[in-house]
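Single-structure report; data block below.
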Amino acid sequence: MNIAANHTAKRDYSLTGPESAHAVAAGLASADWYHSDLPRKEMKALMRRSDQQADRDTVLWFALLILTGGAGAFLWGSWAAVPFFLAYGVLYGSVCDSRWHECGHGTAFKTTWKNDVVYHIASFMVMRNPIAWRWSHARHHTDTIIVGRDPEIAVMRPPEMALLALKFFGLPSAVYDLRALLRNAWGRLSDDEGDFIPEAEQGKAVFWARVHMAIYCGAVLWAVLAWSILPLMLIGGPRLYGCWHMVMMGLIQHGGLAEDVLDHRLNSRTVYINPISRWLYWNMNYHVEHHMFPMVPYHALPALHARIKDDLPAPNRSIADAYRDMIGALLRQRKEPGYAIRPVLPSTARPYREELHDVDIARES
Amino acid sequence: MAWIDVCDAEDIELEDVIRFDHAGRTFAIYRDLEGQVFATDGLCTHEQVHLADGLVMDDTIECPKHNGRFNYQTGEALRAPVCVNLATYPARLNGARIEIEVS
């Protein structure tokens, strides 16, 4: 039996609507989640921080950005620039997401200022207000895929397949993100932002939105004065033409899986992927593991996975395999929005705690 | 105020933390790298997550849920999403035993 099969109506994904009150009343907000057992000693070893790997990855990232962006700009006007911009686009418009994410958690580097500097640069590149999204992501971890509580649910039901396809070109998400930055720069927050950003932090959100918008205005001015789109190919534009890898990986994090459950094995997906994508994505393909233990740095996630995989559903074997899995579920959810994939646990795993996941069934019956 | 017996010092590794429950309250008890002991409220001030599952690094404790950080020696909130300081309590070694003073 799937978990929320009785849903038929479109749900309200806002954070201030009736679904939010329902989640609180049902005990789904700020709840106690399932965790695989791991001795404290091993957990401490996995959580240990280091600058070494993130230093190396970050130097390589900036070097590749300069190399590909510089070559693309140098060859601008000829077809030879195209491969450089294809690479630059992904390095800017997709890699920024994983760096934003890991540095936002503060786990990528041991040194605090390094996390903060890379976090702010990556936030600008991904067009996210660094303050608003820090709080948004904290809520995503508190209430992962709890409708009415989680502001980062990427695939809402019933899924609109055309809109999901547009995401690969940064639409409409980049437009929404730019609009949010503009609104914040104007000194205003949406109702949802007001719900998850504490009052004491709201002024900082406005400040950083103004900084980001000033840089974007500078890039547009440069493009107008130079009468060329080259400045926008280098700044801002990659969020559209280079975000496909970020979207490709982001959709399969939770797509097609359960809403309103308290076990990340039911609402998150781990996928084995190629080493290049793993570098671009900083191992976030180990997504069940990341949500269960967010204090484990990206470079230790493969080891964490090896340690607890007997307690988790079998990972998808590839990105294509994950998409087969997800698209089948999304197509079904178009007609049956309550449907969710229920991953099969190995015999070595502790079973799902049904008492934690009967909320929707009880509500609808 | 009274000194409450917690555990043997050896029950907590250096640069680590354990949970201690007493009289309906929950605390986090720390040992730093030099073996000095400290005590704070057990739950993060951001959300009701116990810090005993978190990571101790130097003089900070990182919340296991949202990676917010406190200085566990002073209780100061150091990194979002924590904004409110953590209550601290006197802690001492009495022979081989750790004790904390709570009201």
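Of note:
- Summed over region B:1-24, residues that are among the hydrophobic types (A, V, I, L, M, F, W, C), surrounded by 13 or more Cβ atoms within 10 Å (Cβ to Cβ) and touching a Ser or Thr at 6+ places or on another chain (Cβ under 8 Å) total 1.
- Residues of region A:112-128 classified as touching a helix residue (DSSP H, G or I) at 6+ places or on another chain (Cβ under 9 Å), within 13 Å of chain B (Cβ to nearest Cβ) and either more than 22 Å from A:R210 (Cβ to Cβ) or outside any helix (DSSP H, G or I) (or both), total: 1
- Test: A:V155 is away from every other protein chain (no Cβ under 14 Å), buried (at least 16 other Cβ atoms within 10 Å of the Cβ) and not in a helix (DSSP H, G or I): yes
- Residue ID - farthest from A:T142 (Cα to Cα), chosen from residues in region B:31-54 that are away from chain A (no Cβ under 11 Å) and in a strand (DSSP E or B): B:V37
- Any hit, region B:5-19, residues being without any contact (Cβ under 8 Å) to a residue 40 or more places away in the chain and in a strand (DSSP E or B): yes
- Positions within region A:335-365 being over 22 Å from A:I146 (Cβ atoms) and at pLDDT 95 or above, in sequence order: A:V344, A:P346, A:S347, A:T348, A:A349
- Of the criteria (1) facing chain A (nearest Cβ under 8 Å); (2) within 19 Å of B:C7 (Cα to Cα); (3) of a type outside the set (D, E), which one B:A80 fails: (2)
- So B:A87, is it away from chain A (no Cβ under 12 Å), under 23 Å from A:R40 (Cα atoms) and not acidic (D, E): no
- Each residue in region B:25-41 was checked for being surrounded by fewer than 16 Cβ atoms within 10 Å (Cβ to Cβ) and under 18 Å from A:M47 (Cα atoms), and 1 of them qualify.
- Which listed residue, of A:E42, A:E102, is within 20 Å of the chain's Cα centre (by Cα), outside any loop (DSSP other than H, G, I, E, B) and among the charged types (D, E, K, R): A:E102
- Taking the numbered list (1) more than 24 Å from B:D8 (Cβ to Cβ); (2) away from every other protein chain (no Cβ under 13 Å) in turn, B:N67 passes all entries but (2).
- When region B:55-64 is limited to residues that are more than 16 Å from A:P294 (Cβ to Cβ) and part of a loop (DSSP other than H, G, I, E, B), the one that is farthest from the other protein chains (Cβ to nearest Cβ) turns out to be B:D59.
- Near pairs, Cβ below 6 angstrom, 6+ apart or cross-chain, from region A:138-166 (more than 20 Å from A:V24 (Cα to Cα)) to any residue that is modelled with pLDDT under 95 and buried (at least 20 other Cβ atoms within 10 Å of the Cβ): A:R157/A:P337; A:P158/A:P337
- Restricting A:E160, A:E193 to those that are exposed (fewer than 14 other Cβ atoms within 10 Å of the Cβ) and among the acidic types (D, E) reduces the list to A:E160.
- Flag for A:H264 being within 14 Å of another protein chain (Cβ to nearest Cβ), closer than 21 Å to A:M156 by Cα and surrounded by 22 or more Cβ atoms within 10 Å (Cβ to Cβ): yes
- Counting residues in region A:241-261 that are surrounded by 18 or more Cβ atoms within 10 Å (Cβ to Cβ), among the charged types (D, E, K, R) and outside any loop (DSSP other than H, G, I, E, B) gives zero.
- Enumeration of residues in region A:1-39 that are at pLDDT 90 or above, more than 26 Å from B:D16 (Cα to Cα), charged (D, E, K, R) and part of a loop (DSSP other than H, G, I, E, B): A:D12
The values are calculated or read from the model by the stated rules, or taken from the named source; none is laboratory data. The shown structure was predicted, so the numbers you read here are calculated from the model rather than taken from an experiment. We place every Cβ from the backbone using ideal geometry, glycine too, and count neighbours over all the protein chains shown.
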